[in-house]
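The next block holds one structure in the form of structure tokens; read it before the comments.
The values are calculated or read from the model by the stated rules, or taken from the named source; none is laboratory data. Note that the coordinates shown come from a computational prediction; the quantities given were computed from them, not determined experimentally. As a convention, Cβ positions derive from the backbone with ideal geometry for all residues, glycine included, and neighbour counts pool all protein chains shown.
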């Protein structure tokens, strides 16, 4: 069933001479959420982001953003979507000229928001974009992306190339930029960089949606624990070694509170996919 914000309906897409990435694939994304899009390498995460913003076109099916087909690339649609790709280049110009050139394409662009986010990353508006390191370019580009104030913001591996302090700042600026009418979809392998931000987790394996649940529902159905080497783990759904012993996932039969461990959840979903699916189907 479609929703009114962002819906992928019966989409088929494949690259030439290769097996389809998606075949009759459907998925809805809610408004006002930060969504983690996870999956192993080559399972279609980046492809899906490019389909969502209209840079790739579905061969069958349709993708609707606010009830408009993104494939048509209407100006009204494009000015309300922004994507931060994993890799990109920047022109040989100053940041101030870059903003002056591109900001008119986004009616809700805020220079004040841009300046505020730049200050948080300790960046200067006089920067020459061509001279920046990849980490610096990514921070500048993310600042611009957030300042567009689009309803849909797509990010592909946004924390790659960022140092530890910048990753911490990234989480703060993402959280502060959220509103009820904006959604941010983050595709990443760096799950520890985003776990505390998320409202919802989607785990893909190409055409198969292994998990599509809110963090609240995940915490209600599953219990996450760090255990010692000698602790009883016979009831655990999944365990993996940690520094102190094991990171474990259990059924939350006693409605206990725990903090979701996104890395453990991801690995548990991949290795115990049928069991995890059954828990949420109930």
Only one of 67, 108 is over 13 Å from residue 148 (Cβ atoms) and out of contact with any strand residue (DSSP E or B) (no Cβ under 7 Å at 6 or more places or on another chain); which?
67
With criteria (1) under 21 Å from the mean Cα position of the chain (by Cα); (2) crowded, with 18+ Cβ neighbours inside 10 Å; (3) at pLDDT 95 or above, residue 188 comes up short on (3)
Candidate set: segment 171-185, residues that are within 17 Å of residue 148 (Cβ to Cβ) and within 15 Å of the chain's Cα centre (by Cα); chosen: the one surrounded by the most Cβ atoms within 10 Å (Cβ to Cβ):
184
For the subset of segment 235-281 comprising residues that are in a loop (DSSP other than H, G, I, E, B) and touching a residue at least 60 places away in the same chain (Cβ under 8 Å), which member is surrounded by the fewest Cβ atoms within 10 Å (Cβ to Cβ)?
260
Scan of segment 101-137 for residues that are surrounded by 17 or more Cβ atoms within 10 Å (Cβ to Cβ) and within 21 Å of residue 159 (Cα to Cα), ordered by number
113, 114, 117, 118, 121, 123, 127, 129, 132, 136, 137
Give me the pairs, please: first residue somewhere in segment 72-93 and in the same structural domain as residue 135 (by TED's automatic domain parsing), second residue anywhere and assigned to a loop (DSSP other than H, G, I, E, B) and loosely packed, with under 14 Cβ neighbours inside 10 Å, beta-carbon distance under 7 Å, and either six or more positions apart or on two chains.
79/107
Exception for residue 192 within (1) in contact (Cβ under 8 Å) with a residue 24 or more places away in the chain; (2) outside the structural domain of residue 33 (by TED's automatic domain parsing); (3) farther than 30 Å from residue 9 by Cα falls at (2)
Looking at 196, 218, which one is surrounded by 18 or more Cβ atoms within 10 Å (Cβ to Cβ) and not in a strand (DSSP E or B)?
218
Look at segment 65-97 and say how many of its residues are touching a helix residue (DSSP H, G or I) at 6+ places or on another chain (Cβ under 7 Å), assigned to a helix (DSSP H, G or I) and either at pLDDT 95 or above or exposed (fewer than 14 other Cβ atoms within 10 Å of the Cβ) (or both).
2
Restricting to segment 1-19, give me the number of residues that are out of contact with any helix residue (DSSP H, G or I) (no Cβ under 8 Å at 6 or more places or on another chain) and touching a residue at least 40 places away in the same chain (Cβ under 8 Å).
8
Among the residues of segment 21-42, count how many are crowded, with 20+ Cβ neighbours inside 10 Å and not in a strand (DSSP E or B).
2
Matching residues in segment 39-53 - criterion: being more than 12 Å from residue 8 (Cα to Cα) and touching a strand residue (DSSP E or B) at 6+ places or on another chain (Cβ under 9 Å):
39, 40, 43, 44, 45, 46, 47, 50
